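The values are calculated or read from the model by the stated rules, or taken from the named source; none is laboratory data. Treat the numbers as computed from the prediction; the structure is a model and nothing was measured. Every residue, glycine as well, gets a Cβ built from its backbone with ideal geometry; the counts of neighbours run over all protein chains shown.
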């Protein structure tokens, strides 16, 4: 009886020890997974995004553009002024040094997951490539900002709609909730620098709220948010709350100016 009791206690001790080892191993694996998601994916994606930005700049043959500032102050808005005023540098019909035109809305035809523009948001220190499409593997997980293919291109009438990760994989849109009315969002293409100005924010809406990226953006879920007339819009979308993908945070802006590179 005594030997049987000792044997049972020994087996119980071995079982507890094995369980503790499994718990520690599992905990370490979880910590490694968290470190990979929160640190390594950001490191890798930011490095790749940075290389892509530099590659585009070399291809375009120009250094990073400074914030667009008109040669003369923009006129102050008045009650009789239109809701949106776009300042275009130079004669819109005049030849651009690259062979295109200086007018906003130049035709851009990127293909697949191709990176073809750069977004800069000075307020939150963002510089990232913009690629065609919003696939995770081909675009977002590389630290890129993705263009909704059904939406307008930079400078065109309509809504230039973009998506980016808020957490992990470079998280370029981590802090877009901190953007305020009047903040600049610059979009650079091969020929033109477009300056949009933040206008309003929709803090939370459904992930299926397609109205937010429509040509005239207006929330289908919260119709008090959005616009009612055509214009030159930009939309930034990301997941919210942080570390979830339950809802969407939306920031809207309007085109204020464009100038040749």
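Computed values, structure above
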{"quantity": "Residue list for the stretch 212-237, restricted to those being farther than 12 Å from residue 160 by Cα and touching a helix residue (DSSP H, G or I) at 6+ places or on another chain (Cβ under 6 Å)", "calculated": "218, 219, 220"}
{"quantity": "Residue in the stretch 196-219 that is modelled with pLDDT of 95 or more and within 17 Å of residue 115 (Cβ to Cβ) present", "calculated": "no"}
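Conditions (1) over 19 Å from residue 231 (Cβ atoms); (2) touching a residue at least 12 places away in the same chain (Cβ under 8 Å), marked per residue:
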position	(1), (2)
117	yes, yes
122	yes, yes
133	yes, yes
137	yes, no
140	yes, yes
144	yes, yes
172	yes, yes
215	no, yes
